[in-house]
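Read through the structure below, which is laid out as structure tokens, and then see the notes.
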């Protein structure tokens with residue numbers, strides 16, 4: 001059995017070499033082509049000094065080239081660090097510095113941003129552009145390698161001593177301190193989930209899986225590696241499609257998608273405005289959703305339009321991959337109760353702990369804890385945060401592997417399924433992204449004219465939460481000016497959609513900011 005993610009690709013190249021591995025618009029690569037291209041890249045990475053345990057950044061749009069980059073990095077024993085190509089330079093420079101990215105895989109269209117990364121402290125020394133040949137260097141101090149350099153490499157990667165516990169990738173998520181945090185996932189962490197998913201959902205060589213999620217979002221792990229394990233095709237979904245539900249419907253139909261995986265907000269829009277009729281999308285057999293709560297009425301509407309499709313709710317913070325799942329029964333079309341997050345997947349154990357430290361039984365509320373093979377190795381370069389998240393088993397067992405505290409509050413139903421009730425802290429979900437309100441407030445406070453601020457989440461059925469900021473400011477600061485300033489520091493999904501200016505912010509009797517009072521006025 002394969003114990004490294006990139007060996008899934010090599011195995012499919014051997015058994016399904018002529019099958020299409022990745023489809024990107026009108027372009028595609030077979031498994032044999034993807035295996036060869038990524039091996040050449042891996043050899044170039046080795047030539048420039050990348051070795052086991054190093055981190056290599058990916059700074060390019062979702063594309064065939066990006067998938068080549070992912071496998072190429074892992075084949076030389078390193079971990080890939082996907083950077084949001086639309087994130088502000090300041091955020092990207094922080095990530096590059098945090099995990100010491102000396103090598104960056106990019107494209108010619110992203111070269112304009114390289115100077116900004118270096119100017120803001122990114123330690124990048126070498127850039128490899130995958131799309132086509134170009135000038136040797138665009139930025140002073142940077143060594144640039146091109147497509148031609150890759151093509152001169154050997155098509156076979158020598159064996160190495162990479163093991164299943166080595167890092168495969170680091171995904172940066174919103175951090176409560178105002179800076180993103182790097183979640184370290186090993187090959188074993190991802191493979192444990194992928195093996196379960198391929199078996200549970202019956203993914204095979206004839207399937208065509210969507211890749212809707214960006215590559216820096218953990219939903220992409222299923223898309224890429226479940227397809228590789230099964231010898232199936234993964235079809236890259238253009239990012240701009242998300243705002244056009246009818247085009248999503250047409251994409252699923254024309255591309256013959258059989259398994260679709262995305263955040264519920266996209267599926268809600270498909271149900272509301274996708275122009276679906278009962279019996280449409282006959283090739284589609286499974287819809288998986290994760291990342292946020294799926295409003296029950298929109299889920300039921302979509303299920304009634306697609307009665308032939310299997311619907312499954314997958315739950316799990318980035319730190320655990322997917323750890324629980326729930327198959328939505330087709331016969332129950334009424335009711336507004338929240339859809340459960342379900343029960344543990346294979347090789348994972350979940351349990352809830354009450355405020356008193358006891359295991360929460362049926363009907364009791366507690367914080368969900370996760371133990372098992374999918375649980376992360378920790379947070380990159382942050383032992384203190386790792387110690388807070390990965391703890392000894394609170395049940396007092398003799399099991400040595402750490403338990404992850406999710407911060408999610410759940411209740412156990414009599415049928416053994418968990419229902420998600422909310423977050424213990426101020427972390428929220430919006431459009432499938434996990435967001436720390438504290439990080440938004442840090443960006444707001446960075447403006448010199450902001451005296452005090454608070455970011456709050458307003459429940460919204462389509463996107464889970466809308467973000468609104470209440471601000472005390474001076475010097476005639478306007479909402480548009482502040483939104484623009486915040487947009488230079490945060491990705492678009494974290495920028496408040498509305499700024500409310502106040503003379504002062506409400507406080508509780510003990511002097512703390514009264515967030516409930518702020519939320520009540522929105």
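The sole residue among 97, 39 that is in a helix (DSSP H, G or I), touching a residue at least 24 places away in the same chain (Cβ under 8 Å) and closer than 24 Å to residue 488 by Cα is 97.
Look through 159, 166 and report the one residue that is farther than 30 Å from residue 425 by Cβ and touching a residue at least 40 places away in the same chain (Cβ under 8 Å).
On the way: 159 fails: touching a residue at least 40 places away in the same chain (Cβ under 8 Å).
Criteria check complete, one pass: 166.
State whether one or more residues within region 80-97 are farther than 20 Å from residue 174 by Cα and assigned by TED's automatic domain parsing to the domain that holds residue 140. Steps first, answer last, please.
First, pick out the residues of region 80-97 that are farther than 20 Å from residue 174 by Cα: none.
For region 80-97, residues farther than 20 Å from residue 174 by Cα and assigned by TED's automatic domain parsing to the domain that holds residue 140: absent.
Selection within region 283-319: residues that are within 25 Å of residue 192 (Cβ to Cβ) and part of a helix (DSSP H, G or I). The member of this set that is farthest from the chain's Cα centre (by Cα) is 319. If the condition is being at negative phi and modelled with pLDDT under 95, then region 392-403 contributes 392, 393, 394, 395, 397, 398, 399, 400, 401, 402. Scanning region 393-434 for residues that are in a loop (DSSP other than H, G, I, E, B), surrounded by fewer than 15 Cβ atoms within 10 Å (Cβ to Cβ) and free of Cβ contacts under 8 Å to residues at least 40 places away in the same chain yields 396, 397, 398, 399, 400, 401, 415. Does residue 319 fit the bill of being at pLDDT 95 or above and surrounded by 24 or more Cβ atoms within 10 Å (Cβ to Cβ)? Considered against the rule, which asks whether it is at pLDDT 95 or above and surrounded by 24 or more Cβ atoms within 10 Å (Cβ to Cβ), residue 319 comes out as yes. Quick check on region 9-23. Is at least one of its residues touching a strand residue (DSSP E or B) at 6+ places or on another chain (Cβ under 7 Å), within 30 Å of residue 442 (Cα to Cα), in a loop (DSSP other than H, G, I, E, B) and modelled with pLDDT of 95 or more? Scanning region 9-23, I find no residue that is touching a strand residue (DSSP E or B) at 6+ places or on another chain (Cβ under 7 Å), within 30 Å of residue 442 (Cα to Cα), in a loop (DSSP other than H, G, I, E, B) and modelled with pLDDT of 95 or more, so the answer is no. Tell me yes or no: at least one residue of region 475-487 is free of Cβ contacts under 8 Å to residues at least 24 places away in the same chain, surrounded by 13 or more Cβ atoms within 10 Å (Cβ to Cβ) and part of a loop (DSSP other than H, G, I, E, B). Within region 475-487, not a single residue is free of Cβ contacts under 8 Å to residues at least 24 places away in the same chain, surrounded by 13 or more Cβ atoms within 10 Å (Cβ to Cβ) and part of a loop (DSSP other than H, G, I, E, B). Going by the conditions given, is residue 262 touching a helix residue (DSSP H, G or I) at 6+ places or on another chain (Cβ under 6 Å) and either buried (at least 17 other Cβ atoms within 10 Å of the Cβ) or under 21 Å from residue 197 (Cβ atoms) (or both)? In short, no. Scanning region 225-250 for residues that are assigned to a helix (DSSP H, G or I), farther than 22 Å from residue 465 by Cβ and out of contact with any helix residue (DSSP H, G or I) (no Cβ under 6 Å at 6 or more places or on another chain) yields 227, 240, 246, 249, 250. Considering 448, 496, 506, the condition of being without any contact (Cβ under 8 Å) to a residue 60 or more places away in the chain and out of contact with any strand residue (DSSP E or B) (no Cβ under 9 Å at 6 or more places or on another chain) is satisfied by 448 alone. The single residue among 514, 449, 460 that is at pLDDT 90 or above and not assigned by TED's automatic domain parsing to the domain that holds residue 181 turns out to be 449.
Screening residue 268 with (1) in a helix (DSSP H, G or I); (2) exposed (fewer than 15 other Cβ atoms within 10 Å of the Cβ); (3) touching a residue at least 40 places away in the same chain (Cβ under 8 Å) gives one miss only, at (2). Return the residue satisfying two criteria in turn: it lies in region 77-91 and is in contact with a helix residue (DSSP H, G or I) (Cβ under 9 Å, 6 or more places away or on another chain) and at pLDDT below 95, and of such residues it is nearest to residue 187 (Cα to Cα). Among them, the one singled out is 84. Of everything listed in (1) free of Cβ contacts under 8 Å to residues at least 24 places away in the same chain; (2) farther than 30 Å from residue 358 by Cα; (3) assigned to a strand (DSSP E or B), the single unmet condition for residue 470 is (1). Here are some conditions: (1) within 19 Å of residue 145 (Cβ to Cβ); (2) in a helix (DSSP H, G or I). Residue 57 meets all but one. Which one does it not meet? Every listed condition holds for residue 57 apart from (2).
Residue 209 meets all of the listed conditions (1) modelled with pLDDT under 95; (2) in the same structural domain as residue 319 (by TED's automatic domain parsing) but one, namely (1). Annotation note: of 164, 141, the sole residue that is over 19 Å from the mean Cα position of the chain (by Cα) and either assigned by TED's automatic domain parsing to the domain that holds residue 312 or on the phi > 0 side of the Ramachandran plot (or both) is 141.
Tallying residues that are closer than 14 Å to residue 150 by Cβ and surrounded by fewer than 19 Cβ atoms within 10 Å (Cβ to Cβ) within region 16-35 yields 1.
Only residues that are assigned to a loop (DSSP other than H, G, I, E, B) and in contact with a strand residue (DSSP E or B) (Cβ under 7 Å, 6 or more places away or on another chain): list them for region 352-362, please.
354, 360, 361
If you take the residues in region 179-195 that are in contact with a helix residue (DSSP H, G or I) (Cβ under 8 Å, 6 or more places away or on another chain) and in a helix (DSSP H, G or I), which one is farthest from residue 325 (Cα to Cα)? Per the criteria, the residue is 187. Does residue 274 satisfy being closer than 29 Å to residue 20 by Cα, more than 21 Å from the chain's Cα centre (by Cα) and either at pLDDT below 95 or surrounded by 17 or more Cβ atoms within 10 Å (Cβ to Cβ) (or both)? Yes: the conditions hold for residue 274. The residue list 44, 90 contains one member that is in a helix (DSSP H, G or I) and surrounded by fewer than 19 Cβ atoms within 10 Å (Cβ to Cβ), which is 90.
The values are calculated or read from the model by the stated rules, or taken from the named source; none is laboratory data. Computed from a predicted structure; not experimentally measured. Using ideal geometry, Cβ is built from the backbone for each residue, glycine included, and neighbour counts are taken over all protein chains shown.
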